[in-house]
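One structure below.
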Amino acid sequence: MYFILYNELNYIILTFIRNKMLFLCLHNKQIVIMKKRLFYFLLCASSMCFGYAQNLKNLKRINLESYFTNPVVSPNGKFALLTNQHFKGVYLLNLSNQEIQLITDKEGSGYAYTWNEKSNSFYFKQKNENEFFYNSKTYSYSILDQTIEELPEINANYLPSFKGLKENDEDNIVVFTNLNTLQIFARNLLTQEEWIVTQDDGQFYNALLSHDGKKVAVHKGADIYVYDINGQKEGIKIGTGIATSWSPNDNYLIGFLDQSSDGHTIENSEIYLFNPKEYRPKKITNTEVISEMFPSFIDENTILFSDDKTGRIFSFNIK
């Protein structure tokens with residue numbers, strides 16, 4: 001993205017210079033004034049460009065033409081799932097060659113999709129045109145076979161915590177919002193045992209299970225809490241915003257906090273790192289030209305995110 005911005009800036013500067021040179025030829029008496037104006041323009045433009053790049057380390061734009069959002073990177077860091085505005089459709093992005101493939105164009109299918117641990121399949125939900133979202137069904141897509149299969153035994157509400165069925169009982173736990181109580185529940189898909197994770201009062205949503213299956217990040221209002229999977233302890237408030245991804249080693253979470261003056265239109269958004277053990281959020285972006293949303297870990301140091309203003313997808317380093 002830095003080089004793209006730099007090239008666009010060069011084009012603006014060159015166009016500006018050509019126009020000014022023509023003006024100078026026609027108005028020789030204003031040469032000194034125009035030189036000063038040109039100098040200040042170049043100085044401001046250069047400062048804006050380099051200041052923008054300094055906020056995001058090694059910023060790179062993924063070469064995609066349409067509007068995309070909500071990237072979710074595969075565990076091996078080679079692929080990412082994307083969707084369009086309003087979570088319409090599921091797309092598979094190859095991060096190596098930046099080729100993109102449409103998997104489904106169903107409305108609402110781009111919310112809560114998830115990968116299996118081997119990165120060779122992913123899961124998503126979709127509904128028919130005349131159905132409600134709570135009627136959505138779960139589907140899997142095999143990258144090797146390029147086939148879609150319905151999973152009637154998997155409730156779509158289990159996404160995104162469902163990572164595929166495994167032999168070990170402890171690895172088959174999913175978390176979800178109970179739509180009647182709005183509490184977060186956990187369920188073992190093999191033994192069918194079910195229990196409440198959030199014992200506190202309140203309405204909870206958007207549960208995010210850690211990779212080791214021991215912690216759950218949940219949302220209550222605008223705040224983010226972390227609970228033990230067994231539900232025997234009170235939640236720890238770790239920040240405000242939307243948590244979107246655990247780090248590969250589960251040492252922290254990443255998310256975003258948007259800003260709105262009227263409660264409807266998003267004016268800006270920044271990315272935050274959250275410590276799952278205590279309230280110590282760290283703001284890691286600070287830009288006005290990009291609304292950073294839906295960050296997802298490529299690896300421990302690299303983040304993929306979407307710009308809500310333009311629908312562009314970027315990566316950058318957090319260290």
> Looking at this structure, is residue 179 surrounded by fewer than 14 Cβ atoms within 10 Å (Cβ to Cβ) and under 27 Å from residue 139 (Cβ atoms)?
Replying inline: yes
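Just name the residue that is farthest from residue 239 (Cα to Cα) out of those in region 297-311 that are part of a strand (DSSP E or B) and open to solvent by 10 Å² or more (accessible area, probe 1.4 Å).
Step one: filter region 297-311 for residues part of a strand (DSSP E or B), giving 297, 302-307.
Okay, now just the ones that are also open to solvent by 10 Å² or more (accessible area, probe 1.4 Å), so 297, 302.
Numbers: 297: 19, 302: 21 Å.
Within region 297-311, the match that is farthest from residue 239 (Cα to Cα) is 302.
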> Got a sec? Which of 224, 229 is open to solvent by 20 Å² or more (accessible area, probe 1.4 Å) and under 24 Å from the mean Cα position of the chain (by Cα)?
Replying inline: 229
> Taking region 115-134 as the region of interest, how many residues are over 17 Å from residue 88 (Cβ atoms) and either surrounded by fewer than 21 Cβ atoms within 10 Å (Cβ to Cβ) or more than 19 Å from the chain's Cα centre (by Cα) (or both)?
Replying inline: 7
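Can you pull out every residue in region 173-185 that is of a type in the set (Val, Ile, Thr) and either assigned to a loop (DSSP other than H, G, I, E, B) or over 23 Å from residue 224 (Cα atoms) (or both)?
Our first condition is that a residue be of a type in the set (Val, Ile, Thr); within region 173-185, this holds for 173-175, 177, 181, 184.
Scanning region 173-185 gives a single hit, 181.
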> Which condition number does residue 146 fail, the rest of (1) open to solvent by 90 Å² or more (accessible area, probe 1.4 Å); (2) touching a helix residue (DSSP H, G or I) at 6+ places or on another chain (Cβ under 8 Å); (3) modelled with pLDDT of 95 or more being met?
Replying inline: (2)
>> List pairs: first residue in region 184-196 and without any contact (Cβ under 8 Å) to a residue 24 or more places away in the chain and open to solvent by less than 20 Å² (accessible area, probe 1.4 Å), second residue assigned to a strand (DSSP E or B) and not basic (Lys, Arg) anywhere in the structure, Cβ distance under 8 angstrom, at least six positions apart or on different chains.
In response: 188/173; 188/194
>> Need the failing condition index for residue 110 against (1) modelled with pLDDT under 95; (2) surrounded by 19 or more Cβ atoms within 10 Å (Cβ to Cβ), just the number.
In response: (1)
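For the subset of region 60-75 comprising residues that are assigned to a strand (DSSP E or B) and charged (D, E, K, R), which member is least open to solvent (accessible area, probe 1.4 Å)? If you could, list the steps in order and put the result at the bottom.
First, pick out the residues of region 60-75 that are assigned to a strand (DSSP E or B): 60-61, 69-73.
Next, from what is left, pick out any that are charged (D, E, K, R): 60-61.
Numbers: 60: 104, 61: 49 Å².
Residue satisfying both the conditions and the ranking: 61.
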> Between a first residue in region 65-79 that is within 11 Å of residue 100 (Cβ to Cβ) and a second residue that is among the hydrophobic types (A, V, I, L, M, F, W, C) and open to solvent by less than 20 Å² (accessible area, probe 1.4 Å), which pairs have beta carbons less than 6 Å apart while being 6 or more apart in sequence or on different chains?
Replying inline: 68/82; 68/313
> Within the set of pairs 6 or more residues apart or between chains, which connect a residue that is open to solvent by 20 Å² or more (accessible area, probe 1.4 Å) inside region 269-290 to a residue that is part of a strand (DSSP E or B) and modelled with pLDDT under 95 with Cβ atoms less than 9 Å apart?
Replying inline: 288/268
> Counting only residues that are under 17 Å from the mean Cα position of the chain (by Cα), more than 22 Å from residue 213 (Cβ to Cβ) and either open to solvent by 50 Å² or more (accessible area, probe 1.4 Å) or of a type in the set (A, V, I, L, M, F, W, C) (or both), how many does region 240-266 have?
Replying inline: 5
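Rundown of residues vs (1) under 26 Å from residue 94 (Cα atoms); (2) touching a Leu at 6+ places or on another chain (Cβ under 8 Å), yes/no style:
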residue	(1), (2)
139	yes, yes
151	yes, no
160	yes, yes
189	no, yes
205	no, yes
209	yes, no
224	no, yes
235	no, no
> What is the residue count in region 87-99 for residues that are touching a Ser or Thr at 6+ places or on another chain (Cβ under 9 Å) and open to solvent by 80 Å² or more (accessible area, probe 1.4 Å)?
Replying inline: 1
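The values are calculated or read from the model by the stated rules, or taken from the named source; none is laboratory data. Nothing here was measured: the structure is a model prediction, and the numbers come from that model. Virtual Cβ from ideal backbone geometry, glycine too; neighbours counted across all protein chains shown. Note: areas computed on protein heavy atoms with side chains; ligands, DNA, RNA excluded. Shrake-Rupley method; radii C 1.70, N 1.55, O 1.52, S 1.80 Å.
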